[in-house]
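> Submitted below is the structure of interest, expressed as structure tokens.
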Amino acid sequence: MILNALKRIWGSSIEIIRTRLEILSLDVKEAEIRFIGILVFGIFTVLLISLGIILGVFMLIVTFWERDPLMIMGILTAALTIGGLVMLILLILKLKKGRGLFDGIIYELDKDLETLGDKTGRLE
């Protein structure tokens, strides 16, 4: 009788650990996908800002020395640089918005603690 109860407790414990490890695995996969997205976004941000600077310098050298060269250079440089800055702002917001790496497993463990009778949901 006691042996059967211990086997059930052991089986339940193993199942709980297995479930938590699956959640942990999903959290890691989500973090990886999010990191790749942020990396690609960051690369395009740097590309646009760099292109804006390079084009600005190039425009100083090549274009319209006689008639309003600064206006043309300013418009093109501003457009690309503003596009890059908008992407930089979106990147920063995306980084701040993301959730923590192990939030899913922590939430599930808190639910387990509540179920077991701990009203705070946290270990002390």
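The values are calculated or read from the model by the stated rules, or taken from the named source; none is laboratory data. Computed from a predicted structure; not experimentally measured. Here Cβ is always computed from backbone atoms with ideal geometry, including for glycine, and neighbour counts include all displayed protein chains.
> Identify, from the list I54, I38, I23, the residue that is touching a residue at least 12 places away in the same chain (Cβ under 8 Å), more than 14 Å from the chain's Cα centre (by Cα) and either surrounded by 13 or more Cβ atoms within 10 Å (Cβ to Cβ) or within 30 Å of L80 (Cα to Cα) (or both). Steps first, answer last, please.
Working: I54 fails: touching a residue at least 12 places away in the same chain (Cβ under 8 Å); I38 fails: more than 14 Å from the chain's Cα centre (by Cα).
Checking each option against the conditions leaves just I23.
> Report every pair of residues separated by at least 6 positions or lying on different chains whose Cβ atoms are under 9 Å apart, first residue within segment 4-20 and within 15 Å of K111 (Cβ to Cβ), second assigned to a helix (DSSP H, G or I).
Qualifying pairs under 9 Å: I16/D112; T19/E108; R20/I105; R20/E108; R20/L109; R20/D112.
> Just to check your reading of the model, which residue among I38, I72, I61, I105 is modelled with pLDDT of 75 or more and assigned to a helix (DSSP H, G or I)?
On the way: I72 fails: modelled with pLDDT of 75 or more; I61 fails: modelled with pLDDT of 75 or more; I105 fails: modelled with pLDDT of 75 or more.
Exactly one residue qualifies, and that residue is I38.
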